Structure formats: structure tokens, C-alpha cells
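Structure, as C-alpha cells:
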Amino acid sequence: HAFDMRGGRYLVRAHVAQSVPHAIVQHADDVVRRLRASLDELASHLAGAPTRFPIFESLALFAQRARKAIARMPDEAQASLEELQPYHAIGGFRNGALWTLAQLDAAESVRLAAGGVHGGGVMGVNTQRSVSIVGEPSITAGAFDDGAVIASAATRIVGPDPKLDMFLRVDYSLAYASEGPGRGRRVVATLHELCNHLEHTVFPALEPTLP
């Protein structure tokens, strides 16, 4: 950490010693591709012909673009498909598990961040000399790359030779990049959520309608 004279803050920055191995990125992509393929296989069985599982962000788009693809499915299956659409998710379609899956699958190459700070971290000051702390130290949660500020403390220098001894305890995890379909979320937790959604929500809703 170092003092930012212009901002009047002590900043803790992440130093990334090694990039995420390509094999891990590939494994994360493979999970997404397999999940998407399982949805398409289910839709194809329901329609009796190769069919892409419809995922849309609005009822208007679903009605316009999915009508032909699902026309051969049983009425119960068509109704269930509509109910499963991400625009029904609390907070909007971007919070829907199927929307997240579709966006991750559509990306040619999903980028993982160097890491992510998640959960309830703890930051404080052990000793200080010629430094006055202004307010509570803060931890910046979410995905980060090399050099990103992950914690800060507003300070005021009150004498010569300032020194600040800080401690920081946080949980780090593999995360998707903030700019992209993963939106900075934890990779393992997100993939686990998608698997659970398909296993416990999507398939139970549609399997009874299989011909």
C-alpha cells in the first residue's frame, strides 16, 4: 500500500504475479457449452426436430422469434418455456440464470479477471505515526486486475515521516471480468448456480411434457 498525496488516501493495490492459466479458462467455457447443449437437446426432443432452446430478454422478442421454433412442442411445454424466460427474474432479465448462460455461451472468448474480492473482508489500522484516519477504511469488492485498488483509507498527514501499518483480510476467488457477460461474478459460484438452475428448475418444468 502507498499514500496517494493527491487523493489524500492510503491505497492498497493488487499485484498479480501470474495470469489465470488457459486450462482453467477452457474448463469454465466447457461447462457453459455443455449446459447450453443440454438445453438445446431438450428443446429438440420437445419439438421433434433440431431446435435451439429459446432465451430472450422480453416477452415481445420471445413471441416474435420463438413462435416458429416451439410451434411443434406440446402446449404445456410452450407455456413452461415462456415462464422460464429471464425477463421474469426479480430485478430484470440480466439477473436471470438463463440470460447469464446465454451471454456466456455467445461470447467468443470469455475473459476471466486476475481475481476477485468477495464476502465480508476486514481492514483496519494497527499503528499510525503522523497520520490521522478520516472515516472508516473501505474494501472494494468485485473483480480486479493487476494494479487495481482493492482497499483504501482516507487519511490526513499531520506531521513529518508519516507511517501507516494496515492489515487486510479478505476472501479472494476466481472471477469473470467486470466488462463482459460474467459481470465480475465469481466463476465457480456462477457455474454452480447455472447447473442448479437447469437441474432443479428448467428440467423439472419441461421433462413431464416430453412426448
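What to note about this one:
- If you go through region 103-120 and keep only what is of a type in the set (Val, Ile, Thr) and either outside any loop (DSSP other than H, G, I, E, B) or closer than 15 Å to ALA189 by Cα (or both), you end up with just VAL117.
- Count - residues of region 60-84 that are free of Cβ contacts under 8 Å to residues at least 24 places away in the same chain and open to solvent by 100 Å² or more (accessible area, probe 1.4 Å): 5
- Among the residues of region 135-145, just one is in contact (Cβ under 8 Å) with a residue 60 or more places away in the chain and either open to solvent by 40 Å² or more (accessible area, probe 1.4 Å) or part of a helix (DSSP H, G or I) (or both), namely ASP145.
- If you check ALA69, ALA2, ALA60 for being under 30 Å from SER130 (Cβ atoms) and more than 24 Å from the chain's Cα centre (by Cα), only one passes: ALA2.
- Per the conditions (1) outside any strand (DSSP E or B); (2) more than 27 Å from VAL25 (Cα to Cα); (3) touching a Phe, Trp or Tyr at 6+ places or on another chain (Cβ under 9 Å), the sole criterion not satisfied by SER152 is (1).
- First in region 41-56 and over 22 Å from GLY96 (Cα atoms), second anywhere and open to solvent by 20 Å² or more (accessible area, probe 1.4 Å) and among the hydrophobic types (A, V, I, L, M, F, W, C), Cβ under 9 Å, 6 or more apart: HIS45/LEU210; LEU46/LEU210; ALA47/ALA69; ALA47/ALA71
- Within region 183-203, being open to solvent by less than 10 Å² (accessible area, probe 1.4 Å) and of a type in the set (A, V, I, L, M, F, W, C) holds for VAL187, LEU194, LEU198, VAL202.
- Where a residue in region 114-126 is touching a residue at least 24 places away in the same chain (Cβ under 8 Å) and its partner, wherever it lies, is of a type in the set (Phe, Trp, Tyr) and open to solvent by less than 40 Å² (accessible area, probe 1.4 Å), with Cβ under 7 Å and at least six apart: ALA114/PHE144; GLY115/PHE144; GLY116/PHE144; VAL117/PHE144
- Subset of region 135-164 that is farther than 23 Å from ARG185 by Cα and within 33 Å of the chain's Cα centre (by Cα) - its residue that is modelled with the lowest pLDDT: GLY135
- Within region 35-59, tally of residues that are among the charged types (D, E, K, R), in contact with a Phe, Trp or Tyr (Cβ under 6 Å, 6 or more places away or on another chain) and surrounded by fewer than 16 Cβ atoms within 10 Å (Cβ to Cβ): 1
- Every test in (1) open to solvent by less than 30 Å² (accessible area, probe 1.4 Å); (2) of a type in the set (D, E, K, R); (3) part of a loop (DSSP other than H, G, I, E, B) is passed by ARG6 save one, and that test is (1).
- Given (1) in contact (Cβ under 8 Å) with a residue 12 or more places away in the chain; (2) open to solvent by 70 Å² or more (accessible area, probe 1.4 Å); (3) of a type in the set (Asp, Glu), number of the condition ASP165 does not satisfy: (2)
The values are calculated or read from the model by the stated rules, or taken from the named source; none is laboratory data. Remember, it's a predicted structure, so these values are computed and weren't measured experimentally. Please note: Cβ atoms are built from the backbone with ideal geometry, for glycine as well, and neighbour counts cover all protein chains shown. Accessible surface is based on the protein model in full, side chains and every heavy atom, while ligands, DNA and RNA are left aside. Shrake-Rupley method; radii C 1.70, N 1.55, O 1.52, S 1.80 Å.
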